[in-house]
């Protein structure tokens, strides 16, 4: 307990002196009255002794009434500070200020006790979850020293926690996880003794006012193999469908032409039939070649070569390349992109061509006149380009970005997939949807600005 400053009495002694000083004048007056008016010295001495005793007793009683509740409060607060929330003060209530203060301290103890119980239960639950999950969890302090690891982390490194805790990330072979991108795939050689494919996430938290890093590592081999298998199955199914569509008529026509040539008596128009059949075979082979070329284009898309690009000039070049229909290009803000202008131009050409195809289809059906409009604006750090058409709209929106899916008779199903891949490689997005309140659809291309 801290000592009072020099020249200052302790609180309990100060209260006693105040009580004595408060009753001192009255006692002094009573003693003077007794000794000055009494003729019996013995009786006056006895009364004086009783009077002084009562005075001292009342002073001590007043001191205790003030000091003891304060001592009780000090003991309760000391117990709370030490983490013992079981003590309670007796006589607490709201009849006066002291009992009210004791009641509030009792309530504080109950609240802290409940909070500690909840914290202990939450900590126990967290430990149970961390022990049972099949994801490796590591916590490193600001010096890169391992402070926490779960069972999955022990299995991943093949060592018990007693040999891991207190050691640096470099010493246990995972120093790479504390550097680079916080969310990424790890190379197989990153985790010693394993050949799996790992996904990592790193975040920061504070404990005791000091920064720590939380590293979570998950084995992605099985999910990636399943996704790869599904992708191959979809690819084989689509390729098989396209190949069958071309090879079946080629085989049928080739068989018919071979049978016609083997006949001893050929009909007069056999040469015309032969030329027609060969033309069909050539057309199907050419269509199959275009399909495979489009797939190769999607598979060999190079990474973008970023450079400053004026968006207004880019849109004007795209509009000038479309000669089938006049495009309504609105005026807007002068924005500058940082992009691969050739790739973005190719994506915009594909989107504009799709919009024009829809409008021409609308006109061919004898429906009201329709057109294509291009608008753009700034949306935060992004440039938003909208290509609207007044065509019939999209009948199916779920499969728009599925490779090789197309609703056009001569389409390859690659254009929209290629456009979205270009947008995402630039850190942007592409969305295609039907317009609300009007016929047609709109393509929304968002790209990062150079000065965003």
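Please treat every number below as a calculation from the coordinates, not as lab data. Here the structure is a predicted model, which is why all the values come from computation and not from measurement. Here the Cβ positions follow ideal geometry from the backbone for every residue, glycine too, while neighbour counts run over all protein chains shown.
Once you wrap a convex hull around the alpha carbon atoms of the stretch 133-219, what is its projected area averaged over all directions, in nm²?
Dividing the Cα hull surface by four gives the mean projection, 5.2 nm².
Which order do 102, 214 fall in if you start with the one that has the fewest other Cβ atoms within 10 Å?
Going from least to most buried by this count: 214, 102.
Which of 232, 376, 270 has the fewest other C-beta atoms within 10 Å, and how do the rest follow up to the most? Each step should come with its number before you reach the end.
On the way: 232 10, 376 21, 270 14.
Ordered by Cβ neighbours within 10 Å, fewest first: 232, 270, 376.
Which of the peptides 377-389, 347-359 is most tightly packed, and how do the rest follow, going by the mean number of other Cβ atoms within 10 Å of each residue?
Result, highest mean Cβ count within 10 Å first: 347-359, 377-389.
For the stretch 98-166 and the stretch 426-452, what is the centre-to-centre distance using only Cα atoms, to the nearest Å?
If you average the Cα positions of each part, the centres end up 46 Å apart.
Going 7 Å from the Cα of residue 145 in the Cα-to-Cβ direction, what parts of the stretch 157-180 have a backbone nitrogen less than 16 Å from that spot?
Answer for the stretch 157-180: 162-172.
Going by average Cβ neighbours within 10 Å, how do the peptides 335-346, 70-81 rank, with the highest at the top?
Peptide ranking by packing, descending: 335-346, 70-81.
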